[in-house]
Amino acid sequence: MIVNQWVPAAHRGDAIGDSARRVRDLLRDMGHGSELYALTIDDELTNDVRPFSEPAARRGDLTIFHYALPSPMTAAFASIDGGRVLQYHNVTPAAFFAPYDPPLFRLASLGRQELATLVGAVDLALGDSEYNRRELESLGFRPTGVFPIAVDTSRVTRPDRRPALEEILDDGLVNFLFVGRIAPNKKIEDHIRLAEHYKRYVDAYYRFIFVGRYDVVPRYYSMIRALMTQFRLLNDRFIFTGPVPDEELAIYYRHAAVYVSLSEHEGFCVPLVEAMATGVPVLAYAAAAVPDTLGGAGVQFAPKDLELAAELLGALAFDDDLRAGVIAGQRRRLADFGEERISRDLSDMIHQLS
């Protein structure tokens, strides 16, 4: 059986593309023919991902379309022969971008409108979380299911060394980590407010590290910097790294005392799985798909009380018994994202549709 996947853009380090490539490899191990096709492909992936312009892209017995943005793939997907599986990775609600970036506001608005055009045109609609599945169901998709992102945790668990970076991170400050784009739905401004509470009530020897692009929404990033100035926070206690290679990302996880998520919209949130894989306790605001991904693991809180969050952050950083218990719970949850489960779910889906 030929089971192909479509993804609008193939970028190394992008959660959707990385997941699709891992699923392709598992499909091949199961004996199926499988390729991944994309409209745009990073140069370093040209030998690993096929151009969508190839006629073979439309000849799969089963095609899995990864949807997160509007693209010409959407209309093409609705018209192909063979089985059609939609995997929905969510579209950030446009309202988050309204104060900062009108073009991104428009793109997000179009994303949800275009998604609705596929209602009735797919054989199975999958969310990569229960949160996403419920959204698909509310739009009228039937039948629906959940197929999590296939996270390759090996990229953050390898024992690579970067002595200069490690020396910086081992200077006696307590490192709190966030990984992802600096974007409005991530609520980075709440990390800054959390830092102010933490400094005032818990401990002055801290450092917040943000690993990921900060040029996606420039006006939003400027607002974050202005807020730091307003609180008179020390710039050297906040590191915005921009994109980093996997070897450095692994080191940031390894030297983090706590992983912090204050996001108000996530369709899955891969860094939560990476934190669990690297043994970093998670403190997370329980919003959108975050409770689905953590599945009761980590320390979750709601409503968003940042004074309480500062106390929880201090407890996770300094209470060894609490840390050990949280990490043990996260390791149990991590097993649900293992290769065995993904292969089983893939096999069940193929059997169902064939």
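Roughly how many debye, to the nearest 20, is the charge dipole of region 220-354 about its Cα centre, given +1 on each Lys and Arg Cβ, -1 on each Asp and Glu Cβ, and no other charges? With Lys and Arg at +1 and Asp and Glu at -1, about 240 debye. Taking each DSSP H run with n ≥ 4 as -39500 (n - 2.57) and averaging over every residue of the chain yields -12500 deg cm²/dmol at 222 nm. Using a ≥ b ≥ c from the Cα gyration tensor of the chain (square roots of the eigenvalues), is it rounded, prolate or oblate, where a/c under 1.5 gives rounded and otherwise the larger of a/b and b/c decides, a/b for prolate? Note, shape of the chain comes out prolate. Here the Gaussian network model covers the chain, with springs between Cα atoms less than 10 Å apart; of Arg161, Arg213, Arg142, Arg161 fluctuates the most. The simple Förster model, with R0 at 56 Å and r as the Cβ-Cβ distance, assigns His351 and Glu167 a FRET efficiency of 0.60. Label positions at Asp43 and Ala328, each projected 7 Å from the Cα along the C-beta direction, are separated by 5.0 nm. Add +1 for every Lys or Arg and -1 for every Asp or Glu among the other residues with Cβ under 14 Å from the Cβ of Val326, and state the total. So the environment of Val326 carries a net charge of +1. For Glu137 and Arg225, the difference between the fully extended length at 0.36 nm per residue and the C-alpha to C-alpha distance is 27.7 nm.
Across Ile41, Ile209, Ile168, mean-square fluctuation computed from a Gaussian network of the chain (C-alpha pairs under 10 Å connected) peaks at Ile168. Each part reduced to its alpha carbon centroid, region 83-117 and region 222-241 end up 30 Å apart. Tell me whether region 227-288 comes out rounded, prolate or oblate; compute the Cα gyration tensor, take square roots of the eigenvalues as a ≥ b ≥ c, and use a/c under 1.5 as the rounded threshold. Judged from the Cα gyration tensor, region 227-288 comes out oblate (a/c at least 1.5, b/c at or above a/b).
Placing +1 on each Lys and Arg Cβ and -1 on each Asp and Glu Cβ, with no other charges, gives region 3-150 a dipole about its Cα centre of roughly 320 debye. Full extension of the chain segment joining Glu189 with Met1 gains 62.8 nm, where the gain is 0.36 nm per residue of separation less the Cα-Cα distance. A full extension of the chain between Thr241 and Asp319 corresponds to an added length of 25.2 nm, given 0.36 nm per residue minus the alpha carbon distance. Comparing mean-square fluctuations of Ser109, Ser79, Ser263 from a GNM of the chain with C-alpha springs under 10 Å, the top value falls on Ser79. Annotation: for a label point projected 7 angstrom from Cα along Cα→Cβ of Arg213, residues of region 76-118 with backbone N closer than 19 Å are 89-112. Simple spin-label estimate for Met30 and Ala94 gives 3.7 nm between the two label positions (7 Å along the Cα-to-Cβ direction from each Cα). Rounded to the nearest 20 debye, the dipole size of region 220-277 about its Cα centre is 360 debye, using +1 on the Cβ of Lys and Arg and -1 on the Cβ of Asp and Glu.
A short reminder: the numbers here are calculations on the coordinates, not readings from a lab. Keep in mind that what you see is a predicted model, and the values were worked out from it rather than measured. With ideal geometry, Cβ positions are generated from the backbone for all residues, glycine too; neighbour counts draw on all protein chains shown.
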